[in-house]
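Enquirer: If you scroll down you'll find the structure; I have some questions about it.
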Amino acid sequence: MSSSGAEPSLGAGGGWTRRRFAGALAGAAAIATVPAPAAPRPDPAVAAPLPKAPPAGPAPSGGPSATPSAAPGPGPRPLFVGTYTSGDSGGKGIGRATYEAATGTVTGGGVVTGVANPSFLAVHPDGRTLYAVDEQPAGAVTAVRLPGTEVLGSRSTGGSGPCHLSVHPGGRWLLSANYASGSVAVHPLDGSGAPGERTDLVTHTSPAPGPGQQGPHAHQFIASPDGGHLLAVDLGTDTVYTYRLDETRGTLTEVSRARTRPGAGPRHLTFHPGGRYAYLANEVDNTVTVCGYDPATGRLTVGEPQSTGTGSGTSYPAQFLVTANGSYAYLANRGHNSLTRYAIEADGARLRLLDTVPVDGDFPRHIAFSPDGRLLFAANQRSGTVSVFQVDTGNGELLRVGEPFASPVAVCALPL
C-alpha cells in the first residue's frame, strides 16, 4: 500500500487481495471479509493534544515528509502512525506519539479514534490538518484538525481500498489512489481543511493489466514539484499516468502515459528537488528506475531498471526518499528488511548504489524524514514498530538511534 502496497501475494495471481494479505500479517482473518467498524467518537482519555506543528512548506512530492526543509522548534515534536484497525492485532486508530528532534527518542501519546484502517497519512501544507485514507471496500478519506484530535469529516473516494493520498501544493485539493478498484480521485478542501464532495474520479481501464495482475491497482497519486501536473502510479497496469488538474473545477485530463517493462509493478515515485528527474520503486520485479521528467508537458520517461542491492530474492521495494539537497536517496525494502542508500549524481540523472542498512524491524512499509531531514523514520508493518535513524547530512549515512517504538501494525510514520 504507501503509500501504503500491493503486498507480495498480489502479483502471484493466487486469489489473494491487498486487504487479505494485510489482515494475515495482523494475525486476523481476511480484512476484505471484516465489516467496516463504526466510527467511534474521539476518546478524550486517549486524545490529549500533542505539541502544535509549525506551518509546513509546500506539500512534498513523494509522500509525507519526503522533501524536508523546515527546521523543527525546540521540545517534543508530533509523530503520527498509520495502521490497520481491522483484526484482533490491529490498531485502534491513528497512533499518536512525540519524538525528540535532537535524539530521535519516541514517546507514545494515545490514539485518534474514528478512522477505520488509516493506512496512509498526509498533512496539509499549512500544518493544521491531518489526512488519512480509510482503506476499506467502500473507501474514504478523513480529515483531522491539528494539534487536537477533532475529526472534521470523511468523504467517499468513489473506489475500493484507497492506499495513498496527498495534498496539492496549493492546498486546495486532496488527491487519493484507490488500489483495489484502480482509480484516482480529487476532493476540494475548504478553508478549514475539510474535504468536500469528490469532483472527479478516473479509473485506469487501459492498458491491460501486467503479468500476474487481475486489474489496475492505483498505488500513488501526487503532484509534480511545480504543481503543474499530477502523476498516478499504477502497479496493475505497469504505467505512470500524467494528468492536468483544472484548479477551478477539480477535474482531470490525461496528458501522457509512461510504461515500465511488463511485470515491473511500479509502486512509488519520488522527485529529485531539481524537478527534472524522479525515482520509481518497482515492487514486483525488485528494481528501481531513474525517470526523466518534462515539467512543460508532464511527460515522464522511464529509464533502465537498476538493482536494489538486496540480492536475487524478492525484496518488495516500497518507497523512495530523497534528501532536500538532492545528494542521496533511500529505498525501503520490505522483504529484505533494509534501507538501500544511493548517491545521486549528474544533477539527478544517475543513482549509484552505496550500501544497504538493516532496519531492525520486519517489513518496512513506509519511510519519512523529520522536517529538518536529520531523522528518518521507518514504519515496520509485521513487527509493529517504528525504527528511527539519524541521517548524516554530509555523506548520507544512516545510524539507528534508540530502540524501535512499538505501535500495532505500523504501516505509515508521519513526523511533523
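The values are calculated or read from the model by the stated rules, or taken from the named source; none is laboratory data. As the structure is a computational prediction, the values presented were derived from the model and not from experiment. Quick reminder, even Gly has a Cβ in these numbers, built from the backbone with ideal geometry, and neighbours come from all protein chains shown. SASA here: full protein model, heavy atoms, side chains in, ligands and nucleic acids out. Shrake-Rupley method; radii C 1.70, N 1.55, O 1.52, S 1.80 Å.
Enquirer: Give G104, G170 a once-over and let me know the one that is part of a loop (DSSP other than H, G, I, E, B) and closer than 18 Å to T199 by Cβ.
Expert: Working: G104 fails: closer than 18 Å to T199 by Cβ.
Of G104, G170, the one residue that is part of a loop (DSSP other than H, G, I, E, B) and closer than 18 Å to T199 by Cβ is G170.
Enquirer: Filter the range 242-252 down to the residues that are over 15 Å from G228 (Cβ atoms) and open to solvent by less than 10 Å² (accessible area, probe 1.4 Å) and list them by number.
Expert: Scanning the range 242-252 gives a single hit, G250.
Enquirer: Can you spot a residue in the range 349-360 that is over 26 Å from T105 (Cβ atoms) and among the acidic types (D, E)?
Expert: Step one: of the range 349-360, the residues over 26 Å from T105 (Cβ atoms) are 349-354.
Of the ones still in play, those that are also among the acidic types (D, E) are none.
Taking every residue of the range 349-360 in turn, none turns out to be over 26 Å from T105 (Cβ atoms) and among the acidic types (D, E).
Enquirer: Test Q319 against the criterion of being in contact with a His (Cβ under 6 Å, 6 or more places away or on another chain), assigned to a strand (DSSP E or B) and surrounded by 17 or more Cβ atoms within 10 Å (Cβ to Cβ), and give yes or no. Step through it out loud before you land on a result.
Expert: Details: in contact with a His (Cβ under 6 Å, 6 or more places away or on another chain): yes; assigned to a strand (DSSP E or B): yes; surrounded by 17 or more Cβ atoms within 10 Å (Cβ to Cβ): yes.
Yes.
Enquirer: Please go through the range 218-237 and pick out each residue that is part of a loop (DSSP other than H, G, I, E, B) and within 27 Å of P125 (Cα to Cα).
Expert: So in the range 218-237, the residues part of a loop (DSSP other than H, G, I, E, B) come out as 224-229, 235-237.
S224, P225, D226, G227, G228, H229 - these are the residues of the range 218-237 that are part of a loop (DSSP other than H, G, I, E, B) and within 27 Å of P125 (Cα to Cα).
Enquirer: Going through the range 238-259 one residue at a time, which ones are part of a loop (DSSP other than H, G, I, E, B) and more than 19 Å from the chain's Cα centre (by Cα)? Don't jump to the end; show me each part of the working.
Expert: Going through the range 238-259, the residues part of a loop (DSSP other than H, G, I, E, B) turn out to be 238, 247-250.
Scanning the range 238-259 gives E247, T248, R249, G250.
Enquirer: Scan the range 269-290 and give yes if some residue there is open to solvent by 10 Å² or more (accessible area, probe 1.4 Å) and under 27 Å from L201 (Cβ atoms), otherwise no.
Expert: Taking every residue of the range 269-290 in turn, at least one turns out to be open to solvent by 10 Å² or more (accessible area, probe 1.4 Å) and under 27 Å from L201 (Cβ atoms).
Enquirer: Continuing with this model, one more query. Could you please let me know if P118 is part of a loop (DSSP other than H, G, I, E, B) and closer than 30 Å to L398 by Cα?
Expert: Details: part of a loop (DSSP other than H, G, I, E, B): yes; closer than 30 Å to L398 by Cα: yes.
Here the answer is yes, as P118 does meet what is asked.
Enquirer: Can you run down the residue pairs with Cβ atoms below 6 Å, 6 or more apart or on separate chains, where the first is in the range 176-191 and within 19 Å of V123 (Cα to Cα) and the partner is among the polar types (S, T, N, Q) and buried (at least 24 other Cβ atoms within 10 Å of the Cβ)?
Expert: S176/T157; A177/Q220; N178/T157; A185/T157; A185/S176
Enquirer: While we're looking at this one, here's another question. Quickly run through the range 253-268 and pick out the residues that are crowded, with 24+ Cβ neighbours inside 10 Å and either within 17 Å of D226 (Cα to Cα) or of a type in the set (S, T, N, Q) (or both).
Expert: T260
Enquirer: Can you give me the number of residues within the range 82-98 that are crowded, with 24+ Cβ neighbours inside 10 Å and outside any loop (DSSP other than H, G, I, E, B)?
Expert: The number of residues fulfilling the criteria is 3.
Enquirer: Do you know which residues across the range 324-350 are in a loop (DSSP other than H, G, I, E, B), open to solvent by 20 Å² or more (accessible area, probe 1.4 Å) and closer than 16 Å to G274 by Cβ?
Expert: Keep residues of the range 324-350 that are in a loop (DSSP other than H, G, I, E, B), which gives 324-327, 334-337, 349.
Keeping just the survivors that are open to solvent by 20 Å² or more (accessible area, probe 1.4 Å) gives 324-325, 327, 335-337, 349.
Passing the criteria: A324, N325, S327, A349.
Enquirer: Here are the criteria: (1) in contact with a strand residue (DSSP E or B) (Cβ under 9 Å, 6 or more places away or on another chain); (2) surrounded by fewer than 16 Cβ atoms within 10 Å (Cβ to Cβ). Tell me which single one D200 does not satisfy.
Expert: (2)
Enquirer: Looking at (1) at pLDDT below 95; (2) outside any strand (DSSP E or B), which is the one condition that is false for G127?
Expert: (1)
Enquirer: May I pose another question? Yes or no: A232 open to solvent by less than 10 Å² (accessible area, probe 1.4 Å), small (G, A, S) and out of contact with any Pro (no Cβ under 9 Å at 6 or more places or on another chain)?
Expert: Numbers: open to solvent by less than 10 Å² (accessible area, probe 1.4 Å): yes; small (G, A, S): yes; out of contact with any Pro (no Cβ under 9 Å at 6 or more places or on another chain): yes.
Yes.
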